[in-house]
Amino acid sequence: MLTQRTKNHSFVCYNHDMVYHLHDYGYKKLFSNVTIFRQLLETFVHQPWIKDIDFDTAETIDHSFISDEYKETESDLIYKAKLKDHEILIYILLEFQSTIDPFIAIRILNYMTSLYLTLIKSGQVYEKLPPIFPILLYNGDDRWTAVETVAETIAHHDLLGEYGIGFKYLKIAENEYSAEKLLKIRNIVSTLFLAENHYD
């Protein structure tokens, strides 16, 4: 039986192990399933080009760019797929900690440039690099307060004009979706978000 959280986010249950979130292995295993990955994009990523992804070509890349400092609190997942016959990469950072890092946009940008350097060194890229779409999936209890662009982390960013760093990740914070909205969606991903944030 699912047990609803109380207002102070404690749980009414008898098994202490049930109070924890699904962490690294569980989340990475779930979203490594193409069906669940597709539901995440089609339901929670509101971009017009999502409908043009050929999910039959989607597959994960067995590589991680998480530094040792953050391996206890986050994980990552990389997909490649075809979009209008062109290869794209989708980088998903799975963020588990409730302590919000105000400079996480810098970390995500670092992970993405590390991915590009890996592709270059591997000899898989001959002319141009594939586009990468960055997603941050957050399942902590605290409200997400970090900015979503690198520009907002830099003082007087506008002084450099066109030479300022332009980068933005897409945030999906599970705790920003109400139980009512998730119940209306009724798919695997919305059920996961519902269980993580409204029930044990």
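Each Lys and Arg contributes +1 and each Asp and Glu -1, all at the Cβ; summed about the Cα centre of the stretch 46-197, the dipole is approximately 380 debye.
Applying 1/(1 + (r/R0)^6) with r as the Cβ-Cβ distance of S178 and K71 and R0 = 22 angstrom yields a FRET efficiency of 0.10. Taking a point 7 angstrom from the Cα of V45 along the C-beta vector, which residues in the stretch 67-90 have backbone N less than 12 Å away? Answer for the stretch 67-90: 77-83, 88-90.
Using only C-alpha positions, report the orientation-averaged shadow area of the convex hull of the stretch 91-172, nm², one decimal. Kindly include the intermediate steps, with their values, before the conclusion.
Working: hull surface 25.6 nm².
One quarter of the hull surface, i.e. the mean projection, equals 6.4 nm².
Taking the stretch 115-200, which chymotrypsin sites (Phe, Trp or Tyr not before Pro) meet the DSSP loop condition and have no more than 14 other C-beta atoms within 10 Å?
On the way: sites: Y116, Y126, Y138, W144, Y163, F167, Y169, Y177, F193, Y199; in loops: Y126, W144, F167, Y169, Y177.
Listed in order of number, the matching sites are Y126.
Just name one of L119, F103, I78: the one whose Cα is farthest towards the positive end of the charge dipole of the stretch 44-157 (beta-carbon charges, Lys/Arg +1, Asp/Glu -1). Going by the charge dipole, the pick is L119.
Once the Cα atoms are used to define both axes, helix 104-122 deviates from the longest principal axis of the chain by about 50 degrees.
Here the relative contact order of the chain, from alpha carbon pairs under 8 Å that lie six or more residues apart, stands at 22 percent.
Surface exposure of the stretch 86-155, expressed per residue as accessible area with a 1.4 Å probe, stands at 49 Å².
In square nanometres, what is the average projected area of the Cα convex hull of the chain? Display every interim value, and only then the final one.
On the way: hull surface 54.2 nm².
If I average the Cα hull's projected area over directions, I get 13.6 nm².
To the nearest ten degrees, helix 34-44 and the longest principal axis of the Cα atoms of the chain are 90 degrees apart.
The values are calculated or read from the model by the stated rules, or taken from the named source; none is laboratory data. None of the values given here were measured: they were computed from a predicted structure. Neighbour counts are summed over all protein chains in view; Cβ atoms, including those assigned to glycine, are modelled from backbone coordinates with ideal geometry. Each accessible area value is taken on the protein alone, full model and side chains, heavy atoms only, with ligands, DNA and RNA left out. Shrake-Rupley method; radii C 1.70, N 1.55, O 1.52, S 1.80 Å.
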